[in-house]
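Below: the structure, in structure tokens.
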Amino acid sequence: MAAAVTYDLTHGIATLTLNRADRKNSLSVELMDALGDNFTKAINDPGVRLIMLTNNGNTFCAGANLKDPNANEVPRYSLVEIFNLMQSSPKPIVGRIAGHCMGGGVGLAAACDISIAADDVLIGFTEVRIGVAPAIISVVCLPKMRYSDAMELFLSGERIPSTRAAEIGLLNYAVPAAELDLKINDLLGKLSRGGPIALDKCKQLVIKVPHMQRDEAFEWATSLIDGLFRSEEAAAGVKAFREREDAPWVPQK
């Protein structure tokens, strides 16, 4: 049987593809373990600059696999551990959302640093309709949403188009399906121009600063930028800027 999550490394971009289309890429033990293994592999590989998460089939991820015959097994990676891997990754993670997202699948899309979906995709916090709640995924979804939108969608379980999901901040963009790869490739090209250490620090700023007191945030940010300006990466970047050249980490065309 083909891998539950396939892995491809091309030009410094590791692409992880959810590959159980016949099961709507639901979060089975098999898929979660494969996802955790492949995120760990990409994060630890020095040859990987960027990570992309996408899907085969018309469903990005349908959430929990309620029909999984191995549902009583405990996966090696819990959903919490997968979200922590994604959000603590020093390498940007881009979501290429080429199918519908329900339940835990919405969490996977939201846990990506930047997510772009096809505009024919539906998004839904459907847990309430089977008598449960979007508890774990709320930790990665709520920081991106307004209170009023979150309350409506959590309580109603309504499926919304990706265009609205982008409007309320769950996704970055929703584009025509025929333009999805064009938009993704444009974004990956922009991200590849950032210094690897600088990209990591930018992620930390966005995640950590909103939860700090102002004085603590200024102190931490001052230490961070002082360290960056003293780094070899910054020296190389400033030198390239002055000489009107690409920085050494920018892929050659």
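Okay, here's what the table says:
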| quantity | calculated |
| --- | --- |
| Neighbour count of at most 13 Cβ within 10 Å plus DSSP loop: longest GluC sites (Glu not before Pro)-free window in the chain | 74-242 |
| For the chain, built as a Gaussian network whose Cα springs stay under 10 Å, the top-fluctuating residue of MET145, MET212, MET86 | MET212 |
| Value of relative contact order over the chain, rounded to a whole percent, pairs C-alpha under 8 Å and six or more apart | 15 percent |
| Proxy reagent accessibility, fewest Cβ within 10 Å first, across PHE154, PHE60, PHE218 | PHE218, PHE154, PHE60 |
| Theoretical ellipticity at 222 nm over the chain - DSSP helices of four or more residues, -39500 (n - 2.57) apiece, nearest 500 | -13000 deg cm²/dmol |
| Within straight-line cross-link reach of LYS41, lysines at Cα separation under 23 Å, skipping those fewer than 8 residues along the same chain | LYS91, LYS201, LYS203 |
| Extreme residue, positive dipole direction of the chain, given options PHE241, ASN56, ALA3 (C-beta unit charges) | PHE241 |
| Proximal charge balance of CYS101 [Cβ under 11 Å; K/R count +1, D/E count -1] | +2 |
| Degrees between helix 232-242 axis and first principal axis of the chain (Cα, 0 to 90, nearest 10) | 70 degrees |
| Cα centroid separation, the stretch 229-253 to the stretch 18-52 (Å) | 32 Å |
| Between 0 and 90°, nearest 10: helix 214-229 axis offset from the chain longest Cα axis | 60 degrees |
| The chain - charge dipole about Cα centre, Lys and Arg +1 at Cβ, Asp and Glu -1, debye rounded to 20 | 220 debye |
| In degrees, nearest ten, helix 180-191 long axis to first principal axis of the chain (Cα) | 30 degrees |
| Spatially proximal lysines relative to LYS24 (Cα-Cα < 16 Å; intrachain offsets below 8 disregarded) | LYS67 |
| Computed Kirkwood radius, in angstrom, where 1/r is averaged over Cα pairs of the stretch 196-242 | 11.5 Å |
| Counting all C-alpha pairs of the stretch 5-191, share separated by more than 30 Å (%) | 12 percent |
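Computed from the coordinates by the stated procedures, all read-outs in this text should not be read as laboratory data. Note that the structure is a prediction, hence the values are computed from the model and not measured. Reconstructed Cβ throughout: ideal geometry from the backbone, glycine too, with neighbour counts over all protein chains shown.
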